[in-house]
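Only the coordinates and a few stated rules stand behind these numbers; no lab work does. This is a predicted model, so every value here is computed, not measured. Reconstructed Cβ throughout: ideal geometry from the backbone, glycine too, with neighbour counts over all protein chains shown.
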Amino acid sequence: MTLQPAVPDRLVGQDNGERELITPVSLAPHGAASFGYSYGIRTGNIVWIAGQVPRDGAGNLVGVDDIDAQASQVFENLKAVVEAAGGTLLDVVQTTTYITARPYREAVSEVRKRYFQGPIYPTATLLIVAGLGVPEYLVEIEAIAVLRS
């Protein structure tokens, strides 16, 4: 199998061999591609979701120095990717969360509970890191979803 690079202007539903590029219309369409990655890739019923950061659909940073606002935007972006792939947050089976300070743990957990309400929660890994891709980012979350439909 020969893999072809994703074309930056492709949107949801465009097939790339056995992989499908997922670019939610609510996120900056060239945001991920301009940095050489994809918001999501679907292979069969599995969706690999890149680390989502606190940027809105226009690419603007949301919530400077506000962990609640940043976490909410990150989960909205995560939701947008999984929905663009044809799923829901109920399909998310695993998350990896990166925060830049231990005190952010509780706030991110509270926001997470608003988006993942159970009874089966995704598995989770939480890492405290020295920094993220942009100094103003306080949180980043990547995920894996297994679509049921």
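For segment 33-62, taking the residues that are in contact with an Asp or Glu (Cβ under 9 Å, 6 or more places away or on another chain) and in a loop (DSSP other than H, G, I, E, B), the one that is nearest to SER149 (Cα to Cα) is identified as ASN45.
Tell me which of these ALA80 doesn't satisfy, since it passes every other one: (1) assigned to a strand (DSSP E or B); (2) out of contact with any Gly (no Cβ under 8 Å at 6 or more places or on another chain). Every condition holds for ALA80 apart from (1).
When segment 113-131 is filtered for residues that are over 19 Å from GLY40 (Cβ atoms) and either within 14 Å of the chain's Cα centre (by Cα) or among the aliphatic types (A, V, I, L, M) (or both), the ones remaining, listed by number, are ILE120, LEU126, LEU127, ILE128, VAL129, ALA130. Could you check, for segment 110-123, whether at least one of its residues is closer than 17 Å to SER26 by Cα and crowded, with 17+ Cβ neighbours inside 10 Å? Within segment 110-123 (the criterion being closer than 17 Å to SER26 by Cα and crowded, with 17+ Cβ neighbours inside 10 Å), the answer is no, since none of the residues qualifies.
A quick yes/no check of all residues on (1) without any contact (Cβ under 8 Å) to a residue 40 or more places away in the chain; (2) small (Gly, Ala, Ser):
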{"site": "GLY59", "(1), (2)": "yes, yes"}
{"site": "VAL64", "(1), (2)": "no, no"}
{"site": "GLN73", "(1), (2)": "yes, no"}
{"site": "LEU78", "(1), (2)": "no, no"}
{"site": "ASP91", "(1), (2)": "no, no"}
{"site": "THR97", "(1), (2)": "no, no"}
{"site": "ALA101", "(1), (2)": "yes, yes"}
{"site": "GLN117", "(1), (2)": "yes, no"}
{"site": "VAL129", "(1), (2)": "yes, no"}
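The number of residues in segment 23-57 being touching a residue at least 24 places away in the same chain (Cβ under 8 Å) and among the aromatic types (Phe, Trp, Tyr) comes to 2. Restricting segment 57-109 to residues that are of a type in the set (S, T, N, Q) and more than 13 Å from the chain's Cα centre (by Cα) leaves a set whose member that is farthest from ALA28 (Cα to Cα) is SER109. Restricting to segment 44-78, name every residue that is over 20 Å from LEU132 (Cα atoms) and crowded, with 20+ Cβ neighbours inside 10 Å. Within segment 44-78, just VAL47 meets the criteria. So is GLU136 surrounded by 13 or more Cβ atoms within 10 Å (Cβ to Cβ), of a type in the set (Asp, Glu) and part of a strand (DSSP E or B) or not? So GLU136 fails the test.
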